[in-house]
Amino acid sequence: MRTVHSARYKRYQSDGELFGDSDCKFTLSDTALVINPNEAGEIKLEFTELENLNFKGRQVKFVTPDGERIELYYLSQFSEVSAKIQKVRTDEIIKHLLIPDSKFIASFKGHFRFFKEANKAPLEDAAEIRIFNSFLIVIPQITDIFIVLFGDLKSSSVDKENKSYSLNMYTGEKLEISYLGEHFTDFEKSLGELIEGFEETVKQRLLKIILGVSPEDAQGLANLMRDGRAVEKKEIERVTSSLWKSLEELIPEDGGYKKSYEFLKSRTTLIGKVRIGTRKLGGETSVWYQMPLEARTSSYIAVECIEKAKHDTLFFRVLKTNGADLGRTMDLINKTLIFLDFNLTALYMTENDIMEGSRERLKVILKKFDFLMDLRALFFFRISFRDYQKWESDLRIVLGLN
């Protein structure tokens, strides 16, 4: 029999108006939270439906899929309740991630500081840190979970004196993990070996697809490209000047990809900012790219991922093209596409289409990760390539090109 818990309950409409305030009883099933307010009918929510979850002030606060805000406070057995909600919800979210071949490695208890932006105070808390083969999940005691992708990792460092580990991301975020106690050495070893193995896998892939590249140059390129990251020409040419041309040659004629790339390339005034990346596609390696474009009234980033099934060109808005905004937007595209395993439909499908359709994984992750929502908000337009002349004509009209 499930334990019945007591609490005080408040419910707010999406506009902030309070429309529920009473004592309540609630239970936790294996997958859902069921609330029975004294003044209203039963409310049943799957744990995966809880958005913006936090446990500050010994309260359970979250937003429902309809935008309502619910608060539970004066809880009996708060620690037990919060721990179960966080664990079950996290397990379900991980099951629904699109990251392929996810393999759990180890779990550690410690403390973290997460700097989302350099000039803002960090988020810090005690947490469980779960390490997988291509990412780690941080599960705080008080605030919502977040993910760190090894494909977005710029650098890492170890402070052996203070027994802390730092991860610096290309998106500008920084994660510091400490207070691991006697498990610090195991944590350092597990993460270090994973990152090295991650880079070695990419290196071997590059040796197969780029003819004549040396092992040393492939290693340098793997350090930059990680697993999916698109990289600027100048970064690649720091490894060796011939590599950029070799990457461009991987864009195939089939499917019109070479034509669309060359046309977009001819229209950009920011040729030095073009980025090319590689990614695993089934048992093969494919390429993708980001192309910044200036139109009449705004600026955009065109994205194409080479696939056999279909050829789509997606456009994302950029407010400025000669400053940090362009780089941040392109880094955001890198991170989000790696996270989505390059599932472009997750970026252009409407929220209603996702929630009402059969894409269960997208339903679960849609609002759980703010960077995914940030990039969806920047999505501008999609053009499907079936005929080159039609594609070019549509592109000129949409972007206002001459």
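The values are calculated or read from the model by the stated rules, or taken from the named source; none is laboratory data. Since this is a predicted model, take the numbers as computed values, not measurements. For neighbour counting, all protein chains shown are included, and Cβ atoms are generated from backbone atoms with ideal geometry for every residue, glycine included.
Tabulated data
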read-out	value
Top-ranked residue in segment 285-297 [being of a type in the set (Ser, Thr, Tyr) and touching a Gly at 6+ places or on another chain (Cβ under 8 Å); ranked as nearest to residue 222 (Cα to Cα)]	289
Single match in 331, 325, 227 (criterion: out of contact with any Leu (no Cβ under 7 Å at 6 or more places or on another chain) and at pLDDT below 90)	227
Qualifying residue in segment 331-339 (condition: over 14 Å from the mean Cα position of the chain (by Cα) and in the same structural domain as residue 294 (by TED's automatic domain parsing))	no
Residues located in segment 274-284, provided they are out of contact with any Gly (no Cβ under 8 Å at 6 or more places or on another chain) and modelled with pLDDT of 90 or more	274, 275, 276
The listed residue being in a helix (DSSP H, G or I) and at pLDDT below 95, out of 346, 309	346
Whichever residue in segment 285-303 is closer than 25 Å to residue 227 by Cα and not hydrophobic (A, V, I, L, M, F, W, C) and, among such residues, is modelled with the lowest pLDDT	285
Cross-chain or 6+ apart pairs with Cβ under 7 Å, segment 183-208 first and modelled with pLDDT of 90 or more, then basic (Lys, Arg)	184/163
Every pair of residues 6+ apart whose Cβ atoms lie under 8 Å, when the first sits in segment 375-402 and is under 16 Å from residue 267 (Cα atoms) while the second is of a type in the set (A, V, I, L, M, F, W, C) and assigned to a loop (DSSP other than H, G, I, E, B)	391/385; 395/401; 399/295; 400/295; 401/295
Every residue from segment 148-196 that is at negative phi and loosely packed, with under 13 Cβ neighbours inside 10 Å	155, 157, 159, 160, 161, 162, 182, 185, 186, 189, 193, 196
Residue identified as within 30 Å of residue 167 (Cα to Cα) and either in a helix (DSSP H, G or I) or assigned by TED's automatic domain parsing to the domain that holds residue 162 (or both) among 61, 109	109
Matching residues, segment 225-252, being without any contact (Cβ under 8 Å) to a residue 40 or more places away in the chain and either assigned by TED's automatic domain parsing to the domain that holds residue 134 or among the β-branched types (Val, Ile, Thr) (or both)	239, 240
Residues of segment 271-291 classified as farther than 15 Å from residue 234 by Cα and of a type outside the set (Ser, Thr, Tyr), total	8
Meets criteria (in contact with a strand residue (DSSP E or B) (Cβ under 7 Å, 6 or more places away or on another chain), in a helix (DSSP H, G or I), in the same structural domain as residue 294 (by TED's automatic domain parsing) and modelled with pLDDT of 85 or more) for residue 362	no
Residue list for segment 1-51, filter: outside any strand (DSSP E or B) and within 30 Å of the chain's Cα centre (by Cα)	13, 14, 15, 16, 29, 30, 31, 47, 48, 49, 50
Within segment 372-389, considering residues that are in contact with a strand residue (DSSP E or B) (Cβ under 9 Å, 6 or more places away or on another chain) and assigned to a helix (DSSP H, G or I), the one surrounded by the most Cβ atoms within 10 Å (Cβ to Cβ)	375
Among (1) assigned to a loop (DSSP other than H, G, I, E, B); (2) within 20 Å of residue 98 (Cβ to Cβ), the one test that residue 142 misses	(2)
Test for residue 338: is it hydrophobic (A, V, I, L, M, F, W, C) and closer than 30 Å to residue 49 by Cα	yes
Those residues of segment 236-261 which are charged (D, E, K, R), within 24 Å of residue 327 (Cα to Cα) and surrounded by 15 or more Cβ atoms within 10 Å (Cβ to Cβ), in sequence order	248
Residue check, residue 394 surrounded by 13 or more Cβ atoms within 10 Å (Cβ to Cβ), assigned to a loop (DSSP other than H, G, I, E, B), in the same structural domain as residue 289 (by TED's automatic domain parsing) and not small (Gly, Ala, Ser)	no
